[in-house]
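Take a look at the structure below.
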Amino acid sequence: MRPCRICGGRSLETFLSLGDQPHCNRFLRADQLRDPEPAWPLDLCFCPDCALVQLGTTVDREIMFLDHPYVSGTTRTLPEHFRALAADIARRYSLGPDSLVVDVGSNDGTFLQGFRKLGARTLGVEPARKIAEIARAGGIETVEAFFGRDSAARIVASHGRARTITAAGVFFHIDDLDDFLDGVTELLEEDGVFIVQAMYLVDILDRTAFDAVYHEHLEYYSLHPLVKLFGRHGLEIVDVARKDIHGGSFILHAVREGRATASVREILALERGRGILSIATYREFAARVARIRTDLVGLLRRLKGEGKRIAAYGAPARGNTLLNYCGIGPDLIDYAAEKNDLKVGLYTPGMRIPVRHESEARADPPDCFLVLAWNFFDEFLKKEEEFVRGGGRFILPVPEPRIVP
Ligand SMILES: [Zn+2]
């Protein structure tokens, strides 16, 4: 077993095995369907020494991120969230026209657009080539790189130091956390702020959101191990807030010198109360995950037996963990309806369900949609009023399978 990614401890305990799975964002072209797909174990482990929940295996980041197809701007929820967050940060830290904001894992530049409109200088860091091009086309200067000590030093030389560094939806992709935080402290102004948005372990546990587990997500953070990690790099977490985004996330602010607000103490207390320091909590979670598999497959088979046509709503990365773990393939799901053009026409990794444009589903709707991107369900429900009025139904897989409405 590998050592813990935060404390180096060697007592990791595996509590959930989701089987060998292909890379969840490696969608297949028709001509690749005959080829074997590379697959790696997808095992979730707990470190009893620092309480970090993490994967037991690391897939090379070049395999996972250079051709990444995820685009932040495709939903309505995320651009709105990022605009509000940028405005909040600019106000709290008095960002002016000279202030440099660096967004690590800047994707299509959605987050930085908000800062740019507020008048700050912006720079994106994004290793995925196609996505970096989209950002540049939108006017956001973007460095194609993985962030760390070396790339931070290059940015300091070319752009100077940053008043604000943001890492939204990326800090749990990092295998070498010390190298990443060395980069942060190299790049950050003395009184600058480092802001992390990440999915929150407590929400994953509460929602039985095991589909948040995939090879790109190496860590599943609670605040407890992060306090240790940041402290080691001379950074103090001074503020933390929970947000209902990506199925449950937190946003933390870390500075070199500051005083923690009550929010930090409150979250730490909540985590202790929720049992995040105990392996028993995770074993109980794993039992619920196994039950979802049995119940969901049973439900889909029953509907299929009644002659219902079922499609998947969305083809997000998280959906592939669920489909592959449960063994749900084209025998149960006709196709996945998706609006990201980078995925349309391809097949889902592992289960090989064809991905079609959502306009096709609208023209000829199925009886039921299995909602894979359930974290955006409120947004979908508004959009699909007509489908529901016509008798269409949604199947939500977590926290337990159910049919809506
Ligand atoms: Zn540890």
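The values are calculated or read from the model by the stated rules, or taken from the named source; none is laboratory data. Keep in mind that what you see is a predicted model, and the values were worked out from it rather than measured. Reconstructed Cβ throughout: ideal geometry from the backbone, glycine too, with neighbour counts over all protein chains shown. Note: accessible area is taken over every heavy atom of the protein model, side chains too, but ligands, DNA and RNA are not part of it. Shrake-Rupley method; radii C 1.70, N 1.55, O 1.52, S 1.80 Å.
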Could you tell me which numbered condition VAL264 fails, if it satisfies all but one of (1) under 22 Å from the mean Cα position of the chain (by Cα); (2) surrounded by 14 or more Cβ atoms within 10 Å (Cβ to Cβ)?
(1)
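Every residue, every condition in (1) among the basic types (Lys, Arg); (2) open to solvent by less than 30 Å² (accessible area, probe 1.4 Å), yes or no:
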site	(1), (2)
ASN320	no, yes
PRO330	no, no
ALA336	no, yes
LYS343	yes, yes
ILE353	no, yes
ARG356	yes, no
GLU360	no, no
ASP364	no, no
LEU372	no, yes
Among the residues of segment 228-261, how many are within 18 Å of ILE6 (Cβ to Cβ) and either of a type in the set (A, V, I, L, M, F, W, C) or open to solvent by less than 40 Å² (accessible area, probe 1.4 Å) (or both)?
9
Would you please list the contacts, defined by Cβ atoms under 8 Å and residues six or more apart or on different chains, that run from a residue in segment 224-248 that is under 15 Å from ILE195 (Cα atoms) to a residue that is part of a strand (DSSP E or B) and of a type in the set (Asp, Glu)?
PHE230/GLU236
Can you pull out the strands (runs of 3 or more DSSP E) entirely within segment 295-389 that have at least 3 residues that are touching a helix residue (DSSP H, G or I) at 6+ places or on another chain (Cβ under 9 Å)?
310-313, 336-338, 368-371
Write out, first by first residue and then by second, each pair whose Cβ atoms fall under 6 Å of each other, whose residues are 6+ apart or on separate chains, and whose first residue, in segment 376-405, is in contact (Cβ under 8 Å) with a residue 40 or more places away in the chain and buried (at least 16 other Cβ atoms within 10 Å of the Cβ) while the second is outside any strand (DSSP E or B) and charged (D, E, K, R).
VAL398/ARG207; PRO401/ASP295
Can you tell me how many residues within segment 291-318 are open to solvent by 20 Å² or more (accessible area, probe 1.4 Å) and at positive phi?
1
Among the candidates ASP60, ASP67, single out the residue that is at pLDDT 85 or above and either of a type in the set (Phe, Trp, Tyr) or open to solvent by 40 Å² or more (accessible area, probe 1.4 Å) (or both).
ASP60
